[in-house]
Amino acid sequence: MAYINTMAGLSDGTDEFGGPSPGGSAKWTKSLPIPAASGRAACGKVLIVDDEPSIRFALHRTLHGLGFQVSEADSGEQALALVRTTRFDAVLLDVQMPGMSGVQACQEIRKLTPMLGILMLTVKDAEEDKIEALDAGADDYVTKPFNVRVLAARIRAAIRRYQTPEAVAAATIRIGEIEIDPARRLVRRAGEPVHLTPKEYHLLYYLMSHAGSSLTHSRLLIAVWGPEHRDEVEYLRTFMHVLRKKLGDDAARPKYLVTDSQIGYRFNSDDQLAL
């Protein structure tokens, strides 16, 4: 699957990764310079899985410049072999590849390493494709063209979710002005207490503990209410409306609780709030 045909602009250091143009080509779009990683600790070890060498080269160079250690695989089969022998913090997985598809590879990688961040890369923008990727076990999806700083923020969010899970489970989560303390079951906004029902608290905790990731309606409903409620999307929307109101989040332009149309919801991470 070829959707990068030119590396124009890459040597400048750019901030946006281009998808296919109407003529079928793709490019890097000039934006802000990407800072070099010199003198910084590595952000994490990332595996790029794509059958197109030009895409692997572009992502490798860009993510390395942003401070990540990067390895590559050109197929789902090779990715599985590498995951079996090497510890990675996150995987960037192309959806459409010859042989084992990205979705199939995601399912197999998730079986091998439940605590590994998986992000799907795709030129598809159909809602059913996004839902398929998330339901296969992906933590997030990124549709080309995308901003590389946004991609890096999502990678960092995925890595954080799977680091020291035992400690994180009991730790207070603070994102922007919102703070949730699972040990005392307290929620605060800008230091002021927010009174939630048990289900509202459970829903907020699940969203914040997966901050930065798109969570499908069914995943949220199963996690908070149980599998028998997986299709009650309107029920979930009602809870989200109330939760936004209690957190002071503008429903028309939400800062924290973002709707991914036809997919589900996302609680923005600190990195995403800063963009």
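Just so you know, all these numbers are worked out from the coordinates, no wet-lab data involved. Keep in mind it's a predicted model, so treat the numbers as computed, not measured. Neighbour counts are summed over all protein chains in view; Cβ atoms, including those assigned to glycine, are modelled from backbone coordinates with ideal geometry.
Worth a mention:
- Entries in Lys144/Lys199; Lys199/Lys245; Lys111/Lys245; Lys130/Lys246; Lys111/Lys255 that, when Cα-Cα distance is taken, lie over 27 Å: Lys144/Lys199; Lys111/Lys245; Lys130/Lys246; Lys111/Lys255
- Taking label points 7 Å from Cα along the Cα-to-Cβ direction, His202 and Arg61 give a separation of 5.0 nm.
- Long-range amide H partners of Asp260 with built H, under 5 Å: Tyr265, Arg266
- On full extension, the segment bounded by Thr113 and Arg84 gains 9.6 nm, given 0.36 nm per residue less the C-alpha separation.
- Note on the stretch 160-271: along the principal axes its Cα atoms extend 32, 30, 27 Å, ordered by decreasing extent.
- Distance in nm between pseudo-label sites at His229 and Gln69 (7 Å out along the Cβ direction from Cα): 4.2 nm
- Surrounding net charge for Ile263, when Lys and Arg each add one and Asp and Glu each subtract one, Cβ distance under 9 Å: 0
- When you count the other C-beta atoms within 10 angstrom of each residue and take the mean per peptide, 73-83, 90-100 line up highest first as 90-100, 73-83.
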